[in-house]
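The next block holds one structure in the form of structure tokens; read it before the comments.
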Amino acid sequence: MFEPPPPPPPPSLLFLFFFFFFFFFISSITAADAIAVFKEAPQFYNSPDCPLVVTGEENGNRLCSYDGIHVAMTLDTAYIRGSMAAVLSVLQHSTCPQNVIFHFVSSASANASDLRATISSSFPYLKFQIYPFDDDAVSRLISTSIRSALDCPLNYARSYLADLLPLCVRRVVYLDSDLILVDDIANLANTPLNDAVLAAPEYCNANFTYYFTPTFWSNPSLSLTFANRNPCYFNTGVMVIDLARWRLGDFTSKIEEWMELQKRIRIYELGSLPPFMLVFAGNIAPVDHRWNQHGLGGDNFRGLCRDLHPGPVSLLHWSGKGKPWARLDANRPCPLDALWVPYDLLQTPFSLES
């Protein structure tokens, strides 16, 4: 006997079905396509008098150049929007942007192909390389700090640049991903190091004792580390490093020794900064403060808005909890976040033009 087909589901059920299908479809795209889509940046020709820098060959590495300016940054999906803005700002304000060579360090577990495609699509002319960083190599040494973002293994990659980058790279400018330059990076890269291993912005008016625990200061064998030194707080988000001297002195091992001690006896609260200060504070070449208008992200707890420090500006640094892209997306920007917006290459979602 013929049976009629079942009636169609009520409209409300159909609506719910398509709603949830669309929701999960979009969610799956977002999860799978973790890297955002960015616009292509213009290619800059800022001077007709730039010398031709030929990237030589050393062990097959095409990015070896003693005359180019080498810049190192970390690269991950959480901060890539900031990294793209930083790269754009470097190129836009460099006298000879074609002579800037970028060395990106990413987690070994990250999708290097996606990261490389993202960089290449926005900067098709860029000289760059991506180096995998083994998270496990440093994870065992990391102690919890006052902000979870500081505990990310990639945050410690700056301590391993001498091992990651090819031997032909003798001097590098290390930059955090939450900053923009408004000046020629060559002026920063040419900071005189004299006999120092690295140069960084120093802040001797900061309370240096704050960065270490009472356990550290009450133990003479530890606090005497700074004997015969005039240690000052310095910012490791902007550094000029002599990698040849670093390698010669095996400073990565010296940093790791302090991190191993921290695992046994808690001697500091912050992430990768205190080991740097224990090894280098009092023995670094200073960088002019114009190259680090820092703290624009507020403190490490609330990320409140801050003003510029007095004096000239060559680099704006949103160090601290608040990042300009996150505050803009939340529709709660700080006034100075407007200075970051012109460098934001993020493509507006669902407005692809091609």
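The values are calculated or read from the model by the stated rules, or taken from the named source; none is laboratory data. On a predicted model such as this, the values are computed, not experimentally measured, just so you know. Cβ atoms come from the backbone with ideal geometry, glycine included; neighbour counts cover every protein chain shown. Side chains are part of the model used for accessible areas, which takes the heavy atoms of the whole protein and leaves out ligands, DNA and RNA. Shrake-Rupley method; radii C 1.70, N 1.55, O 1.52, S 1.80 Å.
Among 66-77, 121-132, how do they line up by average Cβ neighbours within 10 Å per residue, starting with the highest?
Highest mean packing first, the order is 66-77, 121-132.
Any idea of the accessible area per residue across segment 92-141, 1.4 Å probe, to the nearest Å²?
40
What does the charge count near GLU260 come to, summing +1 for each Lys or Arg and -1 for each Asp or Glu among other residues with Cβ under 12 Å from its Cβ?
On the way: positive: ARG140, LYS254, LYS263, ARG264; negative: GLU256, GLU257.
Local charge sum for GLU260: +2.
Rounded to a whole number, what % of the accessible area of segment 121-233 do carbon and sulfur atoms account for, probe 1.4 Å?
51
Once amide H atoms are placed 1.01 Å from N in the peptide plane, what residues at a sequence separation of 5 or more from TYR131, or on another chain, have their amide H within under 5 Å of its amide H?
PHE104, VAL105, SER106
How long is the gain from LEU346 to ASP329 if the chain were fully straight, where each residue apart is worth 0.36 nm and the alpha carbon distance is subtracted?
5.0 nm
HN-Hα J couplings of segment 65-80 from phi, Karplus 6.51/-1.76/1.60, θ = phi - 60°, integer Hz, Gly and Pro as x?
Listing the rounded values in order: 8, 7, 9, x, 9, 9, 10, 10, 9, 8, 9, 8, 5, 5, 10, 5 Hz.
Let me make sure I get this right: for segment 208-354, a, b and c are the square roots of the gyration tensor eigenvalues over alpha carbons, sorted descending. Under 1.5 in a/c it's rounded, otherwise prolate if a/b > b/c, else oblate. Which is it? Don't skip to the answer; put the middle values down first.
On the way: a/c = 2.10, a/b = 1.96, b/c = 1.07.
Prolate, because a/c is 1.5 or more and a/b exceeds b/c.
For ARG116 and LEU167, calculate 0.36 nm times their separation in residues minus their Cα-Cα distance, and state this gained length in nm to one decimal.
Full-extension gain reported as 16.1 nm.
With a probe of 1.4 Å, find how much accessible area segment 192-325 has per residue, and write the answer as a whole number in Å².
45
Eigenvalues of the Cα gyration tensor times 5, then square-rooted: what semi-axes does that give for segment 216-265, in whole angstrom, largest first?
Square roots of five times the eigenvalues give 22, 15, 12 Å.
For segment 250-354, run through the GluC sites (Glu not before Pro) and keep only the ones in DSSP coil with at most 15 other Cβ atoms within 10 Å of their Cβ.
GLU353
Using each residue's phi in segment 91-100, evaluate 6.51 cos²θ - 1.76 cosθ + 1.60 at θ = phi - 60° and report the 3J(HN,Hα) Karplus result to the nearest Hz, with x for Gly and Pro.
5, 5, 9, 7, 5, 10, x, 5, 9, 9
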